[in-house]
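Reading through the structure tokens given below for one structure.
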Amino acid sequence: MNFLSHYYFDRDTTDCYFTLGTVLPDLLKNADKTIVLHPEKLVHTDPKVNSIIQGWNKHLLVDKHFHSADFFLTHSHNLKNLLAPAIVGSPVKPFFLGHIAIELILDNLLITTNEIIVSDFYDHLDNCELAIIREFLVFAEMKNPDVFFKFYEEFKRSRYLNTYINIEQVTYALKRICMRVWRNPFTPQQEDEMTGLLLDYRLGLIANFMSIYNEIGAKLNYPEV
């Protein structure tokens, strides 16, 4: 799941460090795709650092439930097949595009149906002390935390996730993600065609997209023994 979908499950928490932890794996991946941390079993003397670790573990659990759900498997497959003809000649793999597309569409739907308030999410990030975040990263044995902070400050400043309200920006976000792997993933014509396809698919999801959040929420509240 993407940033706002992870935030949805803990949108009522008052612990900004836990909120940060629920999106930190993806923030680090965006900052530098080569960063690999495994703080899952770490325990720190500072409860704020431990909140980040707990949020991190919540992120992993939510992703596990999401990626094994019929909703994800069905819609990522449908989007792969739908988008494949539009990107003929592109180096991007259709299955990769389908995977990312459904996650971004879900974030768009959370915003446009008022299930979350994006400014509340950013308020949480703004309330986290950078020294605590640095302590977590050092504790998790990240070699150069400054690489992350350069990205993180711009991420907060730009309020980029607000743009997900527009389906054209979902296409742009797809392109930016693909550009981490492929330098020129799409032509302008391909982007235009993708936008139209994503808009139509989004319209078909509005009525029942919350079913995946309800399904995962039930699993989080009543985990299997």
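Accessible surface of region 49-89, 1.4 Å probe: 58 percent of it comes from carbon and sulfur atoms. Tell me whether region 1-77 comes out rounded, prolate or oblate; compute the Cα gyration tensor, take square roots of the eigenvalues as a ≥ b ≥ c, and use a/c under 1.5 as the rounded threshold. Cα axes put region 1-77 in the prolate bin.
Excluding same-chain neighbours fewer than eight residues apart, the aspartates and glutamates reachable from residue 175 by a Cα-Cα span under 20 Å are 26, 32, 103, 107, 154, 191, 192, 193, 200. Each other residue within a Cβ distance under 10 Å of residue 86 adds +1 if Lys or Arg and -1 if Asp or Glu, for a net charge of -3.
For region 1-46, the fraction of 1.4 Å probe accessible surface lying on carbon and sulfur atoms is 49 percent. Separation of region 71-143 and region 42-70, taken as the distance between their Cα centroids, equals 16 angstrom.
Seen from residue 105, the other residues with C-beta closer than 14 Å to its C-beta sum to a net charge of -3, counting Lys and Arg as +1 and Asp and Glu as -1. The relative contact order of region 86-225, computed from alpha carbon pairs under 8 Å that lie at least 6 residues apart in sequence, is 39 percent. The residues of the chain expose on average 50 square angstrom of accessible surface per residue, using a 1.4 Å probe on protein heavy atoms. With coordinates expressed along the principal axes, the C-alpha atoms belonging to the chain extend over 53, 39, 31 Å, beginning with the largest. Taken along its three principal axes, the alpha carbon spread of region 139-224 comes to 46, 44, 24 Å, from the longest extent down to the shortest.
Only helical runs count toward this figure. For the chain, summing -39,500 (n - 2.57) over DSSP H runs of n ≥ 4 and dividing by all residues gives -21500 deg cm²/dmol at 222 nm. Ordered from largest to smallest accessible area (heavy atoms of protein chains, 1.4 Å probe), the residues 102, 177, 165 come out as 165, 177, 102. Using the Cβ atoms and a cut-off under 14 Å, what net charge is assigned to the surroundings of residue 115, where Lys and Arg are +1 and Asp and Glu are -1? Taking every Cβ under 14 Å from that of residue 115, the sum is -3.
With all protein chains in place and ligands, DNA and RNA left out, the 1.4 Å accessible area ranks 183, 202, 134 as 183, 134, 202, largest first. Using 24 Å as the Cα-Cα cut-off, could you pick out the over-long pairs in 156/219; 58/80; 150/219; 64/93; 64/150? Correct reply: 156/219; 58/80; 150/219; 64/150.
Between 124, 77, 38, the Gaussian network model of the chain with springs among Cα atoms under 10 angstrom shows the greatest mean-square fluctuation at 38.
The values are calculated or read from the model by the stated rules, or taken from the named source; none is laboratory data. Since this is a predicted model, take the numbers as computed values, not measurements. In this analysis, Cβ positions are derived from the backbone assuming ideal geometry, glycine residues included, and neighbour counts consider all displayed protein chains. Areas reflect the complete protein model, heavy atoms only, side chains present, ligands, DNA and RNA absent. Shrake-Rupley method; radii C 1.70, N 1.55, O 1.52, S 1.80 Å.
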